[in-house]
Amino acid sequence: MNKQIFNLIAIIFTVISFHSIANTEVTAESSQTAQTQLVIDINNAKPKDLVTLKGVGMKKAQAIISYRQTNGPFVSIEDLLKVQGIGKHVLAENKNRLKLK
């Protein structure tokens, strides 16, 4: 009897653990999807926002901010092409997520 109870408890624990892991994965995917859909104002964006763009890591995010600090606010989205490391492909991949304030 004790072995049956132990086995039942082990099964219940396994099911609960699996359910918890599955929910964590869904939450992480939902968070990532929401993050990739975030519209970013390139004149005020912080590095943590810029790195959510496709093809933009911390180095390119810092380059965008440095360009903005040196040259003033971007006048158009296409001005991003003036930033070293930002090419036409990166701009095209993210154009629908970028705005100017």
Residue check, residue 24 surrounded by 10 or more Cβ atoms within 10 Å (Cβ to Cβ) and modelled with pLDDT under 95: yes
Residues of segment 89-101 classified as touching a Lys or Arg at 6+ places or on another chain (Cβ under 9 Å) and open to solvent by less than 30 Å² (accessible area, probe 1.4 Å), total: 3
All positions within segment 65-88 that are under 15 Å from residue 47 (Cα atoms) and open to solvent by less than 30 Å² (accessible area, probe 1.4 Å): 65, 80, 83, 86
Counted residues, segment 65-99 - those being touching a residue at least 12 places away in the same chain (Cβ under 8 Å), outside any helix (DSSP H, G or I) and under 16 Å from residue 51 (Cα atoms): 6
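Counting only residues that are among the hydrophobic types (A, V, I, L, M, F, W, C) and closer than 15 Å to residue 43 by Cβ, which one in segment 89-101 is modelled with the lowest pLDDT? If you could, list the steps in order and put the result at the bottom.
From segment 89-101, those among the hydrophobic types (A, V, I, L, M, F, W, C) are 90-92, 98, 100; that's our starting set.
Okay, now just the ones that are also closer than 15 Å to residue 43 by Cβ, so 98, 100.
Values: 98: 97, 100: 93.
My answer is 100.
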Residue that is surrounded by the most Cβ atoms within 10 Å (Cβ to Cβ), among those in segment 48-64 that are out of contact with any helix residue (DSSP H, G or I) (no Cβ under 7 Å at 6 or more places or on another chain) and in a helix (DSSP H, G or I): 60
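The values are calculated or read from the model by the stated rules, or taken from the named source; none is laboratory data. Quantities reported herein were computed from a predicted structural model and do not represent experimental measurements. Every residue, glycine as well, gets a Cβ built from its backbone with ideal geometry; the counts of neighbours run over all protein chains shown. Remember, those area values only see protein heavy atoms, side chains included, never the ligands or the DNA or RNA. Shrake-Rupley method; radii C 1.70, N 1.55, O 1.52, S 1.80 Å.
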